[in-house]
Amino acid sequence: MRHSHSFSRRDFMKVTGLTVASAALSSCTSLLPKSRAQGAEEIQLVYQDFSDNWFQSMAKQLLEQFHADHPNINVYFIPDPANVVDQMPIDMQAGTAADLFQGCCAHFPTWAQKGYTLDLRPYVKADLDAATIADWDPAQYRALFTSDGRQFGLPKYHGALALYYNKDLFDEYRVDYPDGSWNHDDYLQAMKMLTHDRNGDGKTDLWGSMVDVYWDRIQIHVNGWGGHFADPADPTRCLMGQPEALAALEWLRARMWDDRCMATLPDVDRLSTRQAFMAQKTAMTEDGSWALKDIFTNALFRIGVAPFPSGPVRKVTLATTDGFGIYAGTKHPEAAWELLKFLISKDSGRTMARAAFLQPARASLVEDWIGYVREGFPQAAKDVDLAAFAEGQLKGYSVVAEVFPNMAEATRIAQDAWDQILTLGLKPTESMVAAAQQIEDAQK
């Protein structure tokens with residue numbers, strides 16, 4: 001029988017033979033194998049992942065199976081610290097990082113750029129067949145390589161962006177439901193029709209939609225206008241100041257500050273896009289399949305989902321870059337690879353899909369995932385087009401976050417500019433030209 005208990009990460013690192021350099025450490029869970037083969041060396045690994053209660057319970061279930069199959073590998077699970085983006089580089093630099101961890105978005109490639117992740121190419125070449133690789137979204141898979149060809153991760157799950165909408169509000173204001181034919185003109189028209197002062201105090205309290213002012217959420221609009229953040233042929237060149245990127249950014253700014261039909265953070269008292277949608281402060285929201293469980297559980301209205309509206313030039317949607325990586329400083333790369341192979345298996349993908357309805361990375365599991373969601377929410381999901389989340393993956397129009405060689409500076413400069421232009425409305429869209437030059441200069 002395995003035992004599960006909590007103790008400090010400092011004590012934990014002592015157990016595993018590591019010295020902890022960080023002062024602020026969270027609790028961890030020990031999942032101990034029942035036995036090991038006579039005379040075989042016991043290998044200890046640390047696996048770090050989501051801190052949510054559901055994930056820790058699921059990890060326990062998964063690792064019990066892994067330990068049964070690998071009795072000589074002892075895996076300790078620890079949850080991500082609250083400040084994982086900042087804390088992980090500290091742990092990696094100090095040599096105390098987990099052997100295997102999850103990463104995504106702009107910070108995962110940043111860790112790889114700094115040399116903190118193991119190059120997985122030789123392991124993939126030796127152990128994964130072409131059918132397994134083809135089961136993943138090519139855009140997501142390619143995103144887990146650095147610009148010089150090192151592979152720093154493998155897909156964990158496939159978060160995809162779509163358009164959530166409140167059917168009750170659409171019906172109340174007699175607006176047609178969105179579908180896969182929608183473009184940004186249709187989107188704008190609906191936003192205007194759904195923006196209202198519902199309590200009659202002279203102030204807007206319902207907005208048509210909302211977008212996260214964040215790297216990849218802005219980027220997909222730019223891609224829809226035919227633009228890019230980073231030059232696909234030379235990622236040291238920043239294209240955020242080019243006409244296509246500026247046109248997309250101006251479209252967003254105008255919705256927030258001219259038409260006032262797209263909510264800003266101050267408008268909704270700094271609620272997240274998901275929270276504002278569930279509070280019925282917005283009639284639509286741009287959010288991902290990862291939000292399904294929360295929205296279906298907490299929304300007090302009928303929910304719809306549609307593919308992301310097409311841009312003027314192309315149809316795109318976001319595929320997140322959530323993946324598993326191995327720490328370059330691990331003492332047991334082969335054992336960590338065995339754990340990673342287990343975590344990307346179909347069985348693990350199904351377990352994650354059941355536990356929190358996270359959309360599987362493997363296209364072959366999409367129908368299973370849709371079934372789990374409908375079983376979990378028979379009423380809320382009854383008439384919801386869940387396949388809309390997988391459309392970009394299955395039809396090949398997904399895009400992923402575009403990455404610069406120096407992502408740390410690029411994200412800082414861009415976020416500061418977007419806050420001024422979009423969140424606060426204090427600067428014109430054209431101010432992004434100077435920010436783009438600063439980003440490009442930071443790559444030299």
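Taking the stated definitions as given, is A353 surrounded by 21 or more Cβ atoms within 10 Å (Cβ to Cβ), at pLDDT 95 or above and over 19 Å from F145 (Cβ atoms)? Walk me through how you get there before you give the answer.
Working: surrounded by 21 or more Cβ atoms within 10 Å (Cβ to Cβ): yes; at pLDDT 95 or above: no; over 19 Å from F145 (Cβ atoms): yes.
In short, no.
Looking across A112, A82, one residue alone is part of a loop (DSSP other than H, G, I, E, B) and among the aliphatic types (A, V, I, L, M). It is A82.
Mind telling me which of the residues A401, A436 ends up being at pLDDT 95 or above and either of a type in the set (V, I, T) or buried (at least 20 other Cβ atoms within 10 Å of the Cβ) (or both)? Please lay out each step first, then the result.
Numbers: A401 fails: at pLDDT 95 or above.
Exactly one residue qualifies, and that residue is A436.
Exactly one residue among R142, R174 is at pLDDT below 95, surrounded by fewer than 15 Cβ atoms within 10 Å (Cβ to Cβ), out of contact with any strand residue (DSSP E or B) (no Cβ under 9 Å at 6 or more places or on another chain) and over 21 Å from A408 (Cβ atoms), and that residue is R142. When K395 is tested against (1) within 22 Å of the chain's Cα centre (by Cα); (2) surrounded by 15 or more Cβ atoms within 10 Å (Cβ to Cβ), just one condition goes unmet, and that condition is (2).
Scanning the stretch 229-260 for residues that are closer than 30 Å to W207 by Cα and of a type in the set (D, E, K, R) yields E244, E250, R253, R255, D258, D259, R260. Whether a residue is in contact with a Cys (Cβ under 8 Å, 6 or more places away or on another chain) and assigned to a helix (DSSP H, G or I) was assessed, and E375 does not pass this test.
Residues in the stretch 221-271 that are of a type in the set (G, A, S), under 19 Å from S431 (Cβ atoms) and part of a helix (DSSP H, G or I): A245, A247, A248, A254.
Condition check for R150 on (1) over 30 Å from P235 (Cα atoms); (2) among the basic types (K, R); (3) touching a Lys or Arg at 6+ places or on another chain (Cβ under 8 Å): one failure, at (1).
What about A112, is it farther than 22 Å from E286 by Cβ and touching a Lys or Arg at 6+ places or on another chain (Cβ under 7 Å)? Yes: the conditions hold for A112.
The values are calculated or read from the model by the stated rules, or taken from the named source; none is laboratory data. Please read all numbers here as calculations on a predicted model, not as lab measurements. Please note: Cβ atoms are built from the backbone with ideal geometry, for glycine as well, and neighbour counts cover all protein chains shown.
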